[in-house]
1. Heavy-atom accessible area per residue, the stretch 41-80, 1.4 Å probe: how many Å²?
2. Would you please give the FRET efficiency between Arg82 and Ser58, computed as 1/(1 + (r/R0)^6) with r the Cβ-Cβ distance and R0 = 30 Å, to the nearest 0.05?
3. Let me make sure I get this right: for the stretch 42-94, a, b and c are the square roots of the gyration tensor eigenvalues over alpha carbons, sorted descending. Under 1.5 in a/c it's rounded, otherwise prolate if a/b > b/c, else oblate. Which is it?
Amino acid sequence: ELLAADTVRLRALVEDLLEISRLDAGSDAGNPAEFDAAALAAAVIADRCPGAQLVAPSPLRVGSDRRRLERILGNLLDNASRHGGGSDVTVLLRREGSDLVAMVADRGPGVPAADLGRLFDRFYKADPSRAGTGSGLGLAIARSHARAVGGDLVARPRPGGGLEFEARLPVTEPLPVGEAPETDR
């Protein structure tokens, strides 16, 4: 059982390292498409942190890279589950102008203010005693995906305790129903 668990952790680490290498090389070209961000968030929550609460208008149709948003939300929810205890996790989605704002907030122990700036550093762990939980790459990967689409990801203390992670991603308006996108001729 220990060997099997170590194999799973090693495989996850290798996959994270390969993903961050592709992001660094710029070879992970996105795939923008139109989709319902609220439905995507609900599916990611069900898979990664079933106890989380989703606050979003539904439907919330946007044009963006669905896979990147899924990865960002997944990594933030994994982080909230692992370090925030997985309870009292809220995912908030909203449009602000031409941005999709995706926030994941938890009520965990948070981190000291001095460590907030380092949360997105590769292999950084605010609590070294948690050496066995995660690779320290999840938040770095999430920020890299946000920046790859021209957005960003930031962290701040949550009022009342815990952390808030906010991704701001540029999105396009979806086409009205029945209209096809224009193509170059």
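1. Per residue, the stretch 41-80 has an accessible area of 42 Å².
2. 0.60
3. Note, shape of the stretch 42-94 comes out oblate.
The values are calculated or read from the model by the stated rules, or taken from the named source; none is laboratory data. Everything numeric here is computed off the predicted structure, so don't read it as measured data. Don't worry about glycine lacking a Cβ; one is built from the backbone with ideal geometry, like all the others, and counts go over all protein chains shown. Heavy atoms of the whole protein, side chains included, go into the accessibility calculation; ligands, DNA and RNA do not. Shrake-Rupley method; radii C 1.70, N 1.55, O 1.52, S 1.80 Å.
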